1. Once fully extended, how much extra length lies between Ala198 and Arg47, figured as 0.36 nm per residue of separation less the alpha-carbon to alpha-carbon distance?
2. Name all residues of the stretch 253-271 having a backbone nitrogen under 19 Å from the label point set 7 Å from the Cα of Thr87 along its Cα→Cβ direction, giving them as ranges.
3. Arrange the peptides 87-97, 134-144, 112-122 so that the one whose residues have, on average, the most other Cβ atoms within 10 Å appears first.
4. State the extension gain, in nm to one decimal, for the chain segment bounded by Val78 and Ala223, taking 0.36 nm per residue of separation less the distance between their alpha-carbons.
5. Taking 0.36 nm per residue of separation and subtracting the Cα-Cα distance, what length does fully extending Tyr280 through Thr150 add?
6. Just one of [x] 71, 57, 42; [y] 61, 51, 33; [z] 53, 38, 38 is Cα extents along the principal axes in Å calculated from these coordinates, so which is it?
7. Using a Gaussian network for the chain with springs between C-alpha atoms less than 10 Å apart, which of these wobbles most: Glu148, Glu271, Glu61?
8. Among 202-210, 164-172, how do they line up by average Cβ neighbours within 10 Å per residue, starting with the highest?
Amino acid sequence: MWCVALEALDRAAVDVAGGKGANLGELTRAGVPVPPGFCVTTAAYARIAATGTSGAAAARERILGTPIPDGVAEAIRVSLAALGEETPVAVRSSATAEDLPAASFAGQQESFLNVVGPEAVLEAVRRCWASLFTDRAVAYRAAAGVDEATVRMAVVVQRMVPAAVAGILFTANPVTGRRTEAVVDASPGLGEAIVSGAVNPDHFLLDGATGRSLAGEGCLSAAQLAELAAVGRRIAAHVGAPQDIEFAYDGDGTLWVVQARPVTTLFPVLEAHGDGLRVYWSLSVMQGVLQP
């Protein structure tokens, strides 16, 4: 099967839909407001994958220079027609080694926004496939110890959210590690500007339980921050781990979740004994022994 609707996927579908596609499918099935769309599966990628080539550059050039097989192209056109052929969509890479509990691989492969029309979507899908073999992505996988032979690429195609405000929500504070706090970075327009570092976003520190702002003001109202915190708690509880969530508010003030992945940089929390804040200190570090 070359294309699968997001609502037909769940978190177990990583081999079919990659990490991003599987996560979005799981959230869709859980009733989280995810923009409608479909996933071009890893089986479609396998039809054009750079078998028999040596080196990342050769693999990339082979994919960019090989026509998309007719059956795959037709399946993409049919799925796109269900969204509306002239509807702007986001075309986003979803590798099988991406958005996983132990490694996020955030930003290592390509995404294309506001893509309009079947031919433009097909070209964006091809470029997402090829981005699996950029020098940056290959180096990242090597550093993470990922076996190149096991990695495949799916592509998520979703209706674009005409974002009035967009940003990133961490359901735990990634700086302090506190699970009782949430952090939001947001700015007017598309969230891509924040991810790429093109803007300095408004920064909000929230009480994780209530969504009340502890610090920061700007493009999001108190009601929107409370809504974000509630959706974040719901997603984290459903998945069972703190989440890094990309979101957008459209012009009507409707919240959409466009991506969710585990936060992979938090220090593990020890088993709680009683209520209240506890601080743990390593005696070996105190004695100058810094190794594990």
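1. Numbers: separation 151, 0.36 × 151 = 54.36 nm, distance 3.62 nm.
Using 0.36 nm per residue and subtracting the Cα-Cα distance, I get 50.7 nm.
2. What the label zone holds, given the 19 Å backbone N cut-off, is 253-259.
3. On the way: 87-97: 24.0, 134-144: 15.0, 112-122: 16.8.
Ranked from most to least packed, the peptides come out as 87-97, 112-122, 134-144.
4. Values: separation 145, 0.36 × 145 = 52.20 nm, distance 3.93 nm.
Once the chain is fully extended between Val78 and Ala223, it gains 48.3 nm.
5. On the way: separation 130, 0.36 × 130 = 46.80 nm, distance 3.92 nm.
Extra length available between Tyr280 and Thr150 comes to 42.9 nm.
6. Comparing each candidate, only [y] matches the computed number.
7. The residue that fluctuates most here is Glu271.
8. Details: 202-210: 18.1, 164-172: 22.9.
Ranking, from highest mean packing down: 164-172, 202-210.
The values are calculated or read from the model by the stated rules, or taken from the named source; none is laboratory data. Since the structure is predicted, the reported quantities are computational estimates derived from the model, not experimental observations. Backbone-built Cβ (ideal geometry, glycine too); neighbour counts: all protein chains shown. Each accessible area value is taken on the protein alone, full model and side chains, heavy atoms only, with ligands, DNA and RNA left out. Shrake-Rupley method; radii C 1.70, N 1.55, O 1.52, S 1.80 Å.
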